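This report refers to the structure that appears directly beneath it.
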Amino acid sequence: MLVVLSGLPGVGKTTLARELARSLGAPHVRVDAFEAALGVRDGDGDATGYRLAHAVAGDALRSGRHAVLDAVNPVRAARDGWRTLADEVGVPLLEVDVVCSDPALHERRVRERTADLPGQVVPTWEDVTGRPAWRRDPDEPAAVVVDTATTTVARAVGDLRARVHARPEQVAVPASLLAAGHRFGGWAARGEPEVVLRTERLLLRRWREADLEPFAAMNADPEVMEHFSSGPLDRAASDRLARYADACFEVHGFGLAAVERVGDGAFLGFCGLGRHRRRPESVEVGWRLARRAWGHGYATEAGRAWLEAAPRFGLERVACFVAATNGRSLAVAQRLGLVVQEEDVWAGQPVVVLSTPS
Ligand SMILES: CC(C)(COP(=O)(O)OP(=O)(O)OC[C@H]1O[C@@H](n2cnc3c(N)ncnc32)[C@H](O)[C@@H]1OP(=O)(O)O)[C@@H](O)C(=O)NCCC(=O)NCCS
């Protein structure tokens with residue numbers, strides 16, 4: 001998981017980040033440290049420190065570790081940058097805003113602060129109060145707020161640790177299963193069937209190496225990817241997604257199945273159950289088909305099979321998250337009888353949250 005602690009200088013981010021990182025055995029990635037080494041200051045408009053922090057945090061996350069990021073993140077672009085990093089690496093993100101609601105305490109901390117890094121220039125109270133107020137845009141995802149004026153470091157670390165560990169399913173697909181060497185078809189050795197579900201016209205099955213090429217072509221199609229913030233995927237990202245889709249079965253027993261047409265064996269895309277990074281507590285049904293496979297009822301047919309099978313996997317309820325602009329996907333959800341529960345905004349994009357009726 002990528003844990004991002006944001007907030008003004010002097011609110012207590014670094015103390016908290018250090019302790020949290022220590023307790024998670026994760027690297028503490030501090031933008032101040034890069035900026036001090038580079039001789040730049042937050043607010044100079046030089047993003048080099050942030051870029052270096054991205055590289056270091058990304059490297060830790062790709063090796064399967066948590067990372068604790070500590071930065072002012074004063075502008076939307078900086079905060080979006082961490083969201084993009086988490087998306088790219090395929091790890092969950094925990095956004096934490098660190099505040100100090102007592103201005104006198106905040107001022108004292110800033111005034112008493114001394115440099116703890118070579119080359120660091122600590123901001124003055126005038127620097128802190130002279131900058132624009134730190135605030136999220138209303139359409140940004142909500143963050144966990146830690147008020148260092150009203151809680152102790154130990155309590156805040158305990159709470160954040162609980163949030164990291166209360167979501168074991170988020171980290172349940174181990175990096176080893178997602179690595180480039182992932183063997184599609186690992187099930188065969190255990191005698192498990194390749195085909196997970198069967199419908200009149202489709203096989204919903206585990207993935208094969210041979211799926212990677214048509215899958216990459218589909219993910220490179222701007223029309224297919226129109227409603228995804230990532231846009232079209234390159235080959236490496238597409239292969240990673242296929243490994244993730246297949247690895248889900250190893251971990252959860254369900255996953256995003258490759259969809260094969262009975263008769264000609266054509267690979268059409270995927271449909272299955274998974275956990276969404278933003279709502280890891282619920283299991284969602286999802287679908288993505290190659291453009292030529294739209295308009296035949298395949299997504300609805302495959303989605304229905306998964307919803308019917310859900311109780312076998314111990315799932316009482318299945319969610320579905322759809323971009324509000326994605327009319328075709330909303331139509332599939334409605335055909336399946338999913339009910340709108342709420343509307344939300346993710347990374348600036350309106351999203352409709354649906355689920356099976358309770
Ligand atoms: C979302 C997506 C899977 C929907 O595909 P779809 O083909 O429109 O959906 P369905 O499988 O339910 O097919 C329904 C269409 O097939 C038609 N159809 C033709 N033969 C049919 C049959 N035998 N049975 C049922 N429907 C049939 C229906 O009339 C309907 O047509 P319409 O869209 O013109 O009304 C597809 O648009 C897609 O892959 N999009 C890109 C990825 C994406 O956005 N994923 C969702 C993220 S939340």
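The values are calculated or read from the model by the stated rules, or taken from the named source; none is laboratory data. This structure is a prediction, so every number in the text was calculated from the model and none was measured. Heads up, the Cβs are rebuilt from the backbone with ideal geometry, glycines too, and the neighbour counts pull from every protein chain shown. These accessible areas exclude ligands, DNA and RNA; they are computed on the full protein's heavy atoms, side chains included. Shrake-Rupley method; radii C 1.70, N 1.55, O 1.52, S 1.80 Å.
Does Leu330 satisfy being touching a Leu at 6+ places or on another chain (Cβ under 6 Å) and either within 13 Å of the ligand (Cβ to nearest atom) or assigned by TED's automatic domain parsing to the domain that holds Val262 (or both)?
Considered against the rule, which asks whether it is touching a Leu at 6+ places or on another chain (Cβ under 6 Å) and either within 13 Å of the ligand (Cβ to nearest atom) or assigned by TED's automatic domain parsing to the domain that holds Val262 (or both), Leu330 comes out as no.
Yes or no: the stretch 116-125 includes at least one residue that is in contact with a strand residue (DSSP E or B) (Cβ under 9 Å, 6 or more places away or on another chain) and assigned by TED's automatic domain parsing to the domain that holds Gly39.
Yes, that holds for at least one residue.
For the stretch 264-325, please list each of the strands (runs of 3 or more DSSP E) lying entirely inside it that holds at least 3 residues being more than 8 Å from the ligand (Cβ to nearest atom) and under 21 Å from Glu226 (Cα atoms).
Result: 267-276.
How many residues does the stretch 231-243 hold that are under 27 Å from Val352 (Cβ atoms) and surrounded by 13 or more Cβ atoms within 10 Å (Cβ to Cβ)?
7
Only one residue in Ala299, Ala310 is at pLDDT 95 or above and within 21 Å of Ala258 (Cβ to Cβ). Which one?
Ala299
So which residues in the stretch 199-230 are open to solvent by 70 Å² or more (accessible area, probe 1.4 Å) and farther than 16 Å from Phe267 by Cβ?
Of everything in the stretch 199-230, those that are open to solvent by 70 Å² or more (accessible area, probe 1.4 Å) and farther than 16 Å from Phe267 by Cβ turn out to be Glu200, Pro222, Glu223, Glu226, Phe228, Ser229, Ser230.
If only one of Arg62, Arg51 is open to solvent by 60 Å² or more (accessible area, probe 1.4 Å), touching a residue at least 40 places away in the same chain (Cβ under 8 Å) and over 26 Å from Val153 (Cβ atoms), which one is it?
It is Arg62.
Rundown of residues vs (1) within 21 Å of the chain's Cα centre (by Cα); (2) in contact (Cβ under 8 Å) with a residue 12 or more places away in the chain; (3) surrounded by fewer than 18 Cβ atoms within 10 Å (Cβ to Cβ), yes/no style:
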| residue | (1), (2), (3) |
| --- | --- |
| Arg275 | yes, yes, no |
| Glu281 | yes, yes, yes |
| Trp287 | yes, yes, no |
| Ala299 | no, yes, no |
| Trp306 | no, yes, no |
| Arg317 | no, yes, yes |
| Ala323 | yes, yes, yes |
| Ala333 | no, yes, no |
| Val339 | no, yes, yes |
